[in-house]
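The values are calculated or read from the model by the stated rules, or taken from the named source; none is laboratory data. Computed from a predicted structure; not experimentally measured. Positions of Cβ are generated from backbone atoms using ideal geometry, with glycine treated the same way; all protein chains shown enter the neighbour counts.
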Amino acid sequence: MEIRWLSWVAGAALLASSAMTAQTGIFEGHGDVGSAQHPGTLEFDPALKTYRISASGANIWGTADAFHYVWKKVSGDVSLSAEITFPATGGDPHKKAVLMLRQGLEEDSAYADAAVHGSGLVSLQSRDENGGATHEIQSNVSAPKRVWITKSGAYFYLSLAGEGEELRLAGGTMKVELKDPFYIGIGVSAHNKDAVETAVFRNVEITPPPAVREPQMLHSVLETITVASTDRRVVHVAEGRMEAPNWSSDNQLYFNGGGRLHRIPADGGKPVTIDTGFATRLNNDHAISPDGTMMAISDQSQEQRRSIIYVVPIGGGTPRQVTDKAPSYFHGWSPDGKTLAYCGERGGNFDIYAIPVAGGEETRLTTAEGLDDGPEYSPDGSYIYFNSIRSGLMQIWRMKPDGSEQEQVTPDDGYNNWFAHVSPDGQRMVFLTYEKGVSGHPEDKDVMLRVMALGTRRITVLAKLFGGQGTINVPSWSPDGRKLAFVSYQFVPSRNGVRRPDTYGAAR
């Protein structure tokens, strides 16, 4: 009798498992997460390999989500991909169909997802801790054929493919530390608690990410971030290393790559290489003059390949040399456009110097032992902000333009802080922060963009990303002070993308 009973139990479990597989395909379960006015439904068609999800839900956003989720539990690095369509037009343009990796089924759980909106917008979204705020990176590709989200360690990235295209990296990464095991699956939110919307997921695949042994290609992502919301927007993705964007008054971004200077509309488009004559080994120290007519550059193509500062017309032309001594690394224009501030190595020590744009003798402004770097004038010209190692960690300091009244601005919080840039209204300062224990300003590290309200000295995190050297070396506030431009990086296995039409060589 006991054997028969065990056999019956085993048979019943097998039937139940088969029934669930028939209902959920490659997933293990489904249900509403958060508040749902109308219960969600799932229809799985094994012949067509489709999952049809209908759901209500106010949104997948903020500190709490409301959607229908089809899921299974997994561990480790993993990729999830699908073709996603909305059968019906209309409804809220921000209704969402998502590929999601999620810590738990609570409404405020940490997660990362690839979200396809009813409007065609595709974005990488995340909440990096339970109950935290949602952040977003908007892709510059609309309504793709196939969508792919990949978890690689603590980082998530988005890949997209149009009709007849291979998958390619579509933007920057987000850092969310999910603990094993976690949920992976597909979901729908109507973005309207009273409505029901439907999305169809076709050819859904859960796969391990490409093997580490495959060739890893560095990709650079030129991005903008809205300071008030922390929403990020992709401007351009390219293979190789782009660095250090400046934002011009006519809404152009200037950046360096492969030793040259390039320009692209801040809203996206095709980059244009600027003619800088003999200066073909530019580094990432450059900025636009206050009147918008000139660009100061640092180039190491001449003499002993040591960086020298030049100015060149903003549209291109023959550079005019400003500094005689090398190496000199440009960082800031005075508000009246008459003086340049820069870092120079003289006698084995790196200090801050100033020199007339017209040329002449340089003036030494700092004398502390160790590295002083990244000088930049405040918009009203009352201070020069810079970073200094003199306190033991790299911190942001400021001084009067003549070098007097030097004072530390950032607190001793254990982090190393670099490259301060003050907003056009003089109220805020953004800077690059390395994780504790990282010395120097190396490339390809976990970093944060942090912003300080100069009136209160209160610091908040704008973004956590993979970056470092090249991310935000130069002033990059938008003219209205609402946004910033920066570069993030990602190493992507070669079979997860195709070569982009723009490829930049190594940083010089």
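Computed values, structure above
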| quantity | calculated |
| --- | --- |
| First in region 142-158 and on the phi > 0 side of the Ramachandran plot, second anywhere and of a type in the set (Gly, Ala, Ser) and surrounded by fewer than 23 Cβ atoms within 10 Å (Cβ to Cβ), Cβ under 7 Å, 6 or more apart | Ala143/Gly120 |
| Filtered residues of region 442-468 (kept if closer than 16 Å to Tyr415 by Cβ, assigned to a loop (DSSP other than H, G, I, E, B) and touching a residue at least 40 places away in the same chain (Cβ under 8 Å)) | Arg457 |
| Residue in region 426-441 that is farthest from Trp333 (Cα to Cα), counting only those that are in a strand (DSSP E or B) and hydroxyl-bearing (Ser, Thr, Tyr) | Tyr434 |
| Selection status of Ile60, touching a Phe, Trp or Tyr at 6+ places or on another chain (Cβ under 9 Å), touching a residue at least 60 places away in the same chain (Cβ under 8 Å), aliphatic (A, V, I, L, M) and under 24 Å from Ala133 (Cα atoms) | yes |
| Unique match (being assigned by TED's automatic domain parsing to the domain that holds Lys193, closer than 26 Å to Glu177 by Cβ and more than 24 Å from the chain's Cα centre (by Cα)) among Leu105, Leu42, Leu48, Leu101 | Leu105 |
| Those residues of region 307-323 which are within 20 Å of Thr363 (Cα to Cα) and part of a loop (DSSP other than H, G, I, E, B), in sequence order | Ser307, Val322, Thr323 |
| Out of Leu124, Leu178, sole residue that is touching a Leu at 6+ places or on another chain (Cβ under 9 Å), in a strand (DSSP E or B), touching a residue at least 24 places away in the same chain (Cβ under 8 Å) and of a type outside the set (D, E, K, R) | Leu124 |
| Test: residue in region 152-167 that is farther than 23 Å from Ala238 by Cβ and buried (at least 21 other Cβ atoms within 10 Å of the Cβ) | no |
| Qualifying position, being within 20 Å of Tyr157 (Cβ to Cβ) and modelled with pLDDT of 70 or more, among Val487, Val474 | Val487 |
| For Asn246: the one exception among (1) surrounded by 18 or more Cβ atoms within 10 Å (Cβ to Cβ); (2) out of contact with any strand residue (DSSP E or B) (no Cβ under 6 Å at 6 or more places or on another chain) | (2) |
| Those strands (runs of 3 or more DSSP E) lying entirely in region 343-393 with at least 2 residues within 30 Å of the chain's Cα centre (by Cα), of a type in the set (Ser, Thr, Tyr) and assigned by TED's automatic domain parsing to the domain that holds Ser289 | 384-388 |
| The listed residue being among the polar types (S, T, N, Q), touching a Ser or Thr at 6+ places or on another chain (Cβ under 8 Å) and surrounded by 17 or more Cβ atoms within 10 Å (Cβ to Cβ), out of Thr433, Thr471 | Thr471 |
| Residues of region 394-425 satisfying the condition of being of a type in the set (D, E, K, R) and part of a strand (DSSP E or B) | Arg398, Glu407 |
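Rundown of residues vs (1) in the same structural domain as Arg482 (by TED's automatic domain parsing); (2) surrounded by fewer than 18 Cβ atoms within 10 Å (Cβ to Cβ); (3) over 19 Å from the mean Cα position of the chain (by Cα), yes/no style:
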{"residue": "Glu223", "(1), (2), (3)": "yes, no, no"}
{"residue": "Ala238", "(1), (2), (3)": "yes, no, no"}
{"residue": "Gly257", "(1), (2), (3)": "yes, no, no"}
{"residue": "Leu261", "(1), (2), (3)": "yes, no, yes"}
{"residue": "Pro265", "(1), (2), (3)": "yes, yes, no"}
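Every residue, every condition in (1) assigned to a loop (DSSP other than H, G, I, E, B); (2) of a type in the set (A, V, I, L, M, F, W, C); (3) buried (at least 16 other Cβ atoms within 10 Å of the Cβ), yes or no:
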position: Ala279; (1), (2), (3): yes, yes, yes
position: Asn284; (1), (2), (3): no, no, yes
position: Ala287; (1), (2), (3): no, yes, yes
position: Ala296; (1), (2), (3): no, yes, yes
position: Lys325; (1), (2), (3): yes, no, no
